[in-house]
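The values are calculated or read from the model by the stated rules, or taken from the named source; none is laboratory data. Worth saying up front: this structure is predicted, and the values here are computed from it rather than measured. Cβ placement follows ideal geometry from the backbone for every residue including glycine, while neighbour counts extend to all protein chains displayed.
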């Protein structure tokens, strides 16, 4: 997992989304958490790769925790 967040918990966009998703696919990873601000970058990823994966979008750090850990930390 790579990325950054602001001091108030906003999940910031990352670079190299296509390469990161292709690498995840090569290693059999089926679920990817992606910053919501990177949604536009998904159109660079081949459809057949994306079709076999679940992409979860996160705007706030709470979203990441909810997706990564069942029930989050609330």
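Comparison of 12, 42 shows that the only residue that is modelled with pLDDT of 95 or more, more than 16 Å from residue 68 (Cβ to Cβ), under 14 Å from the mean Cα position of the chain (by Cα) and exposed (fewer than 14 other Cβ atoms within 10 Å of the Cβ) is 12.
Do we find that residue 3 is surrounded by 11 or more Cβ atoms within 10 Å (Cβ to Cβ), free of Cβ contacts under 8 Å to residues at least 24 places away in the same chain and out of contact with any strand residue (DSSP E or B) (no Cβ under 6 Å at 6 or more places or on another chain) in this structure? Working first, answer last.
Details: surrounded by 11 or more Cβ atoms within 10 Å (Cβ to Cβ): yes; free of Cβ contacts under 8 Å to residues at least 24 places away in the same chain: no; out of contact with any strand residue (DSSP E or B) (no Cβ under 6 Å at 6 or more places or on another chain): yes.
The answer is no for residue 3.
Looking across the range 25-45, the residues that are more than 11 Å from residue 11 (Cβ to Cβ), outside any helix (DSSP H, G or I) and in contact (Cβ under 8 Å) with a residue 12 or more places away in the chain come down to 29, 30, 31, 32, 45.
Does the range 49-56 include one or more residues that are over 9 Å from the mean Cα position of the chain (by Cα) and part of a loop (DSSP other than H, G, I, E, B)? Full working, then the answer.
We begin by selecting, within the range 49-56, every residue over 9 Å from the mean Cα position of the chain (by Cα); these are 49-54.
Within this subset, residues satisfying the condition of being part of a loop (DSSP other than H, G, I, E, B) are 52-53.
Yes, the conditions are met somewhere in the range 49-56.
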